[in-house]
Amino acid sequence: MKLATLKDSTRDGRLVVVSRDLTRCSEVGHIARTLQAALDDWEHVAPRLALIAEGVETGAQPTIRFHEHDATSPLPRAYQWADGSAYVNHVELVRKARGAEVPASFWTDPLIYQGGSDAFLAPRDPILAADEAYGIDMEGEVAVITGDVAMGSSPEAARGAIRLLMLVNDVSLRGLIPGELAKGFGFFQSKPASAFSPVAVTPDELGDAWDGGKLHLPLLVSLNGKPFGKANAGIDMTFDFGQLIAHAAKTRNLAAGTIIGSGTVSNKLDGGPGKPMEESGSGYSCIAEIRMIEAIEIGSPKTPFMKFGDQVRIEMKDKAGHSIFGAIEQTVEKYRGAGPQ
């Protein structure tokens with residue numbers, strides 16, 4: 001089953017069931033007005049939505065044309081957005097570039113930060129920044145939406161709470177990160193609003209690409225129309241989603257509608273750092289990673305962060321080449337301010 005939220009006059013949009021080929025959708029307001037409402041009563045609502053989804057595929061259900069640009073993020077806002085760093089290869093490169101070792105605990109204890117969830121960007125919304133000096137970067141990731149998760153849940157129980165999967169562009173302002181982390185209190189200004197894919201899908205839609213905790217498909221990232229990365233999300237993922245969710249729930253309950261991110265998808269190559277796609281590598285899911293490798297190999301980074309006018313596209317396709325979640329496609333624009341108040 002594929003679900004999306006269409007823009008309307010409300011903050012939370014209206015829920016629709018989307019066809020597998022992402023061309024048609026069916027209104028389901030009589031079942032659940034919003035995705036959050038569906039998640040709050042998933043056991044009763046999901047079977048009814050699944051029947052609608054079946055009718056969409058057979059033609060028995062009335063549909064309207066689905067356009068990705070009409071969609072918000074599946075959850076336009078959420079009770080919680082917590083982003084992990086499951087690909088320790090990525091963390092290792094960050095630290096190596098500045099001459100630091102990865103603590104042994106990083107391989108057994110996941111990193112997670114609490115992101116801002118009061119308002120997400122739609123998948124076609126621009127990335128707004130006041131200054132290019134902020135170091136504007138994309139971060140291509142996979143994310144899951146959970147049902148209720150009890151405090152102290154095991155990774156096995158946490159995997160059973162995964163309701164939906166989607167993609168995310170976890171925008172980072174690299175120029176602001178060092179100053180914030182130096183304060184010892186984590187990210188805030190350096191992590192502006194994230195954007196999620198137009199469509200969220202139930203795990204059964206992914207077939208054998210989903211093993212219950214990892215999604216084994218390449219994440220396709222392009223920058224200004226040129227391929228930038230195709231790292232496989234199921235490779236080099238040190239912690240699966242069950243482990244990330246259980247970590248987040250160690251000392252608190254997680255409410256239905258919690259979003260947990262994988263962190264930047266990152267692959268090694270022959271035991272070492274990844275290579276650009278033009279060098280037969282799988283490329284990168286963020287600019288910072290290639291800059292780290294450049295710093296290690298040639299002494300300083302040469303690839304610039306994004307500038308105003310740059311465009312990033314993030315997508316994932318099934319084994320037959322069909323888009324699963326639709327595409328996040330965003331252009332970097334200068335923020336001109338809120339104007340007179």
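Any residue that is open to solvent by less than 20 Å² (accessible area, probe 1.4 Å), within 22 Å of Phe120 (Cα to Cα) and touching a residue at least 24 places away in the same chain (Cβ under 8 Å) - is there at least one of those in the stretch 36-54? Yes, that holds for at least one residue. Residues in the stretch 160-182 include at least one that is under 19 Å from Ala46 (Cβ atoms), open to solvent by 10 Å² or more (accessible area, probe 1.4 Å) and not in a loop (DSSP other than H, G, I, E, B). Counting just the residues of the stretch 183-196 that are touching a helix residue (DSSP H, G or I) at 6+ places or on another chain (Cβ under 9 Å) and either within 22 Å of Ala46 (Cβ to Cβ) or of a type in the set (Phe, Trp, Tyr) (or both), which one comes out least open to solvent (accessible area, probe 1.4 Å)? The extreme case among them is Phe187. The residue of the stretch 80-119 that is surrounded by the fewest Cβ atoms within 10 Å (Cβ to Cβ), among those that are out of contact with any Lys or Arg (no Cβ under 9 Å at 6 or more places or on another chain) and within 16 Å of Ala193 (Cβ to Cβ), is Gln114. Checked against (1) out of contact with any strand residue (DSSP E or B) (no Cβ under 6 Å at 6 or more places or on another chain); (2) open to solvent by less than 50 Å² (accessible area, probe 1.4 Å); (3) of a type in the set (Asp, Glu), Glu315 meets all criteria but (1).
Mind checking which residues of the stretch 84-102 are of a type in the set (Asp, Glu) and either at pLDDT 80 or above or closer than 15 Å to Lys268 by Cβ (or both)?
Matches in the stretch 84-102: Glu92 only.
Just one of the listed residues (Gly283, Gly299) is on the phi > 0 side of the Ramachandran plot and in contact (Cβ under 8 Å) with a residue 12 or more places away in the chain, namely Gly283. Listed conditions (1) more than 25 Å from Leu121 (Cα to Cα); (2) in a helix (DSSP H, G or I); (3) open to solvent by less than 60 Å² (accessible area, probe 1.4 Å) are all met by Gln243, apart from (3). The residue that is nearest to His69 (Cα to Cα), counting only those in the stretch 120-151 that are out of contact with any Ser or Thr (no Cβ under 8 Å at 6 or more places or on another chain), outside any helix (DSSP H, G or I) and open to solvent by 10 Å² or more (accessible area, probe 1.4 Å), is Arg124.
The values are calculated or read from the model by the stated rules, or taken from the named source; none is laboratory data. From a predicted model like this one, the values you see are computed outputs, not experimental measurements. FYI the Cβ positions are ideal-geometry reconstructions off the backbone, even for glycines, and counts take in every protein chain you see. Each accessible area value is taken on the protein alone, full model and side chains, heavy atoms only, with ligands, DNA and RNA left out. Shrake-Rupley method; radii C 1.70, N 1.55, O 1.52, S 1.80 Å.
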